[in-house]
Amino acid sequence: MTNILELAPQQLEKFGYLDLDVDPTLDLVEEINKLKKEKNAIILAHYYQEPDIQDIADYIGDSLGLSQEAARTEADIIVFAGVHFMAETAKMLSPHKKVILPDLKAGCSLADACPAPLFKEFKKKYPDHIVVSYVNTTAEMKTLTDICCTSTNAVQIIESIPKDQPIIFAPDINLGRYLVKKTGRDMVLWNGACMVHEIFSAEKIAKLQIRHPKALLIAHPECESHILEKAHYIGSTTGLLKFTMRSEATEFIVATEAGIIHQMEKASPHKTFIPAPPENTCACNECPHMKRNTLEKLYVCMKYELPEVILPDWVIREGVKSIDRMLEISAAAGL
Ligand code: 13P
Ligand code: SF4
């Protein structure tokens, strides 16, 4: 019989995960819970994961919350149900722990939009600037970054920098423009964007608002400025979720990845959440990278502890400084 672990390197290279036949009669939830206990593993999941993954996670959160949890966990294995840059961040924060990800090819269009070698050249043109990077970047990009940020703490991070200090902001141009407006800081912006958040149609949203005149438009700052200008509230995934919980409104048009609606509906079952419509004919707005993870892949990944996120020591050593700085500023700001 072929040993699965012998096949693993080719399979991971080809598919990004171990492509095994999982017994369809298995109760995956039960099996995953057993593996969690046996291996002292913790499952961290982003709000954009499938509902069944969110429901089995030990912690569900936004990019900031997930980093804080990865830094503080005492588990031996961190199972990251999210995308690659998030699992890399967890590895940098907990380098002695094993970090596994259900699908290594769960990438991010923002991280892809800013390759470290290109950014290194770009940075040379601005020698007196410091670099603030959205956490949606590769580990190598973090070695070229002074301070990371997420959409929860971006304003506080920018405001913590002396006013006369010029800044390069990478890689999300939409979040960058939003921050320029919000903080009044004139930053040099890298031109990257999220494929999910740049697809919303202002025209279709306007039509939806005619049909639902009481609905509030809530948007993630990765959306384009013409969407943000019309939003009643702008915030990170956690910010959006909390807003829907405390708002007296009962209808919301949600301009971010549709996965977050699962937690919104759980928290406010009497309220209605309508995914903002994209430009294309598809009725959904799901991140194809986030949705590469499935319950089956999560089970296989926990069973074989593969694929594992491995980073060179120098990348961990240099890259973690920008994440630590972000966590320090966030803690001082009470975030
Ligand atoms: P937050 O969850 O930090 O708001 O970020 C959204 C996102 O696009 C993650 O990839
Ligand atoms: Fe990246 Fe956008 Fe997907 Fe978030 S939603 S992981 S920013 S591609």
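Here are the criteria: (1) under 30 Å from THR143 (Cβ atoms); (2) without any contact (Cβ under 8 Å) to a residue 24 or more places away in the chain; (3) not hydrophobic (A, V, I, L, M, F, W, C). Tell me which single one GLY192 does not satisfy.
(2)
Quick check on my filter: what residues within the stretch 96-120 are in a helix (DSSP H, G or I), surrounded by fewer than 20 Cβ atoms within 10 Å (Cβ to Cβ) and away from ligand 2 (no atom under 13 Å from the Cβ)?
Scanning the stretch 96-120 gives ALA116, PRO117, LEU118, LYS120.
Kindly indicate which of MET326, MET290 is within 16 Å of ligand 2 (Cβ to nearest atom) and either crowded, with 16+ Cβ neighbours inside 10 Å or closer than 15 Å to PHE15 by Cβ (or both). Spell out how you get there, then give the answer.
Values: MET326 fails: within 16 Å of ligand 2 (Cβ to nearest atom).
Within the list MET326, MET290, the selection yields MET290.
Just checking: which of the strands (runs of 3 or more DSSP E) contained wholly in the stretch 1-95 hold 2 or more residues that are not hydrophobic (A, V, I, L, M, F, W, C)?
On the way: elements: 41-46, 59-61, 77-81.
Strands (runs of 3 or more DSSP E) meeting the threshold: 59-61.
Test HIS262 against the criterion of being out of contact with any Lys or Arg (no Cβ under 6 Å at 6 or more places or on another chain), in contact (Cβ under 8 Å) with a residue 24 or more places away in the chain, under 23 Å from THR145 (Cβ atoms) and of a type outside the set (Ser, Thr, Tyr), and give yes or no. Lay out the reasoning, then the answer.
Details: out of contact with any Lys or Arg (no Cβ under 6 Å at 6 or more places or on another chain): yes; in contact (Cβ under 8 Å) with a residue 24 or more places away in the chain: yes; under 23 Å from THR145 (Cβ atoms): no; of a type outside the set (Ser, Thr, Tyr): yes.
No; evaluated as a whole, the condition is false for this residue.
How many residues are under 27 Å from ASP112 (Cα atoms) and surrounded by fewer than 21 Cβ atoms within 10 Å (Cβ to Cβ) when one looks only at the stretch 184-208?
Just the residues of the stretch 184-208 that are under 27 Å from ASP112 (Cα atoms), to begin with: 185-202.
Next, only the ones that are surrounded by fewer than 21 Cβ atoms within 10 Å (Cβ to Cβ) stay: 185-189, 191, 193, 195, 198-199, 201-202.
The qualifying residues number 12.
Do we have PHE252 as over 23 Å from GLU279 (Cβ atoms), more than 12 Å from ligand 1 (Cβ to nearest atom) and at pLDDT 95 or above here?
On the way: over 23 Å from GLU279 (Cβ atoms): no; more than 12 Å from ligand 1 (Cβ to nearest atom): yes; at pLDDT 95 or above: yes.
No.
Could you tell me which numbered condition ILE43 fails, if it satisfies all but one of (1) among the aliphatic types (A, V, I, L, M); (2) away from ligand 1 (no atom under 16 Å from the Cβ); (3) under 12 Å from the mean Cα position of the chain (by Cα)?
Result: ILE43 passes all but (3).
Which condition does GLN263 not pass, out of (1) within 16 Å of ligand 2 (Cβ to nearest atom); (2) modelled with pLDDT of 95 or more; (3) in a loop (DSSP other than H, G, I, E, B), if it passes all the others?
(3)
Anything in the stretch 225-241 that is assigned to a helix (DSSP H, G or I), surrounded by 15 or more Cβ atoms within 10 Å (Cβ to Cβ) and not small (Gly, Ala, Ser)? List them, or say none. Working first, answer last.
Taking the stretch 225-241 and keeping what is assigned to a helix (DSSP H, G or I), we get 225-228, 237-241.
Subset that is surrounded by 15 or more Cβ atoms within 10 Å (Cβ to Cβ): 227-228, 237-241.
The answer is ILE227, LEU228, THR237, THR238, LEU240, LEU241.
How many residues are modelled with pLDDT of 95 or more, within 16 Å of ligand 1 (Cβ to nearest atom) and in contact with a helix residue (DSSP H, G or I) (Cβ under 7 Å, 6 or more places away or on another chain) when one looks only at the stretch 284-299?
Residues that pass the stated criteria total 2.
The values are calculated or read from the model by the stated rules, or taken from the named source; none is laboratory data. Note that the structure is a prediction, hence the values are computed from the model and not measured. Note that each Cβ is placed from the backbone with ideal geometry, even for glycine, and that neighbours are counted across all protein chains shown.
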